[in-house]
Amino acid sequence: RALHNHKHLGLHTEAMTDGVLPLLEKGIIDNSQKKVMPGVSVASLALGSRRLYDFMNYNEDIIFKDVAWTNNPFTIAQNPKVMSINSCLEIDLTGQVCADSIGTRMFSGVGGQHDFVYGSSQSEGGLSFLATTHMGENKIKPVLTPGAGVVTTRFQTNFVVTEYGIVNLRGKNLAERAKLMISVAAPEFREELEKSACERFGYSFMRLK
């Protein structure tokens, strides 16, 4: 919904969903700048409404490929300025991302998160965005819940986005990452997170403004 003032966007995705439908209908996604399969939107699966399926039906501007091809990081990286967008179930103060489990309870598969994070990092001008929303629950943790799987490692994490802002963890040390992560946590959890960061990182964290 925030991309309607853009133009000449391209779509190379694992999952085609209702969210991109208005952009396709209005020609905002025209795939004209892609180097991999220019002129067509590419996906490996679709999940959405009847309206989405009707739009895709016999639509020559949309092509579905095997997930092993769409999610190949080296295929993704051939397109310039790839902006990968993925979600987190939880993320710790250093940028470790869990996207498949809640503690030891499996919630979903890892999907293409790692593939697109890596692919976008290798793309010329590419960036990676990892998003989460608190919705009354703290999704930014001092450490991941015991049993949680690390889907994206902290050295791969670039931009982290919440409803409270966006931070760039690239090139930051652990204390600096903690400071940035706390700044986009829900306000009611920040004091608790700061206490945990002080205990863990000591002066390295406390000296940061």
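The values are calculated or read from the model by the stated rules, or taken from the named source; none is laboratory data. These figures come from a predicted structure and were not determined experimentally. Quick reminder, even Gly has a Cβ in these numbers, built from the backbone with ideal geometry, and neighbours come from all protein chains shown. Heads up: the accessible areas ignore ligands, DNA and RNA and are worked out on the full protein's heavy atoms, side chains in. Shrake-Rupley method; radii C 1.70, N 1.55, O 1.52, S 1.80 Å.
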Subject >> Of all accessible heavy-atom area on the range 101-165, the percent that carbon and sulfur account for (1.4 Å) >> reply: 61
Original post:
Roughly how compact is the range 168-209, stated as its Cα Rg over 2.2 N^0.38 Å to two decimals?
Top reply: 1.06
Original post:
How much accessible area per residue does the range 97-209 have, in Å², with a 1.4 Å probe?
Top reply: 52
Subject >> Alpha-carbon centroids, the range 158-209 and the range 12-62: separation in whole Å >> reply: 37
Original post:
Using alpha-carbon pairs under 8 Å, 6+ residues apart, how would you state the relative contact order of the chain in percent?
Top reply: 16
**OP:** With springs connecting C-alpha atoms under 10 Å apart, model the chain as a Gaussian network and identify which of N31, N138, N59 has the largest mean-square fluctuation.
**Re:** N59
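Take the chain, mark every one of the chymotrypsin sites (Phe, Trp or Tyr not before Pro) that falls in a DSSP loop and has at most 14 other Cβ within 10 Å, then report the longest stretch left between them, sites excluded.
Looking at the chain, 1-57 is the longest stretch - no exposed chymotrypsin sites (Phe, Trp or Tyr not before Pro) with at most 14 other Cβ atoms within 10 Å.
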**OP:** Determine the gain in length on full extension of the stretch A131-R200; use 0.36 nm per residue of separation and subtract their C-alpha separation, reporting nm with one decimal.
**Re:** 22.4 nm
Original post:
When the Karplus curve 6.51 cos²θ - 1.76 cosθ + 1.60 is applied with θ = phi - 60°, which whole-Hz ³J(HN,Hα) does each residue of the range 5-20 get, with x for Gly and Pro?
Top reply: 8, 8, 8, 6, 7, x, 10, 9, 9, 6, 10, 8, 10, 4, x, 8
Original post:
Can you give the extra length, in nm with one decimal, that the chain gains between F107 and A46 once fully stretched, where that is 0.36 nm per residue apart less the Cα-Cα distance?
Top reply: 20.0 nm
**OP:** Evaluate the relative contact order of the range 1-63 (contact order divided by residue number), counting alpha-carbon pairs under 8 angstrom at least 6 apart; express in whole percent.
**Re:** 36
**OP:** Please report, in Å, the Rg and the Dmax of the range 96-183, where both are computed over Cα atoms only.
**Re:** 13.0, 38
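Kindly provide the helix-only [θ] at 222 nm of the chain, computed as the sum of -39,500 (n - 2.57) over DSSP H runs of four or more divided by all residues, to the nearest 500 deg cm²/dmol?
On the way: 8 runs with 59 residues, N = 209.
Mean residue ellipticity at 222 nm (helix-derived): -7500 deg cm²/dmol.
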**OP:** Take every Cα-Cα distance within the chain, group them into 10 Å bins from 0 onward, and report for each bin the whole-number percent of pairs it holds.
**Re:** 8, 31, 32, 20, 8, 1, 0
**OP:** Have a look at T94, T70, T104 and tell me which one the Gaussian network model of the chain (Cα, springs below 10 Å) gives the largest fluctuation.
**Re:** T104
Subject >> With all protein chains modelled, accessible area of D115 [1.4 Å, Å²] >> reply: 40
Original post:
Under a 5 Å amide H to amide H cut-off, with H placed in plane at 1.01 Å, what residues pair with E90 once short-range neighbours are removed?
Top reply: C98
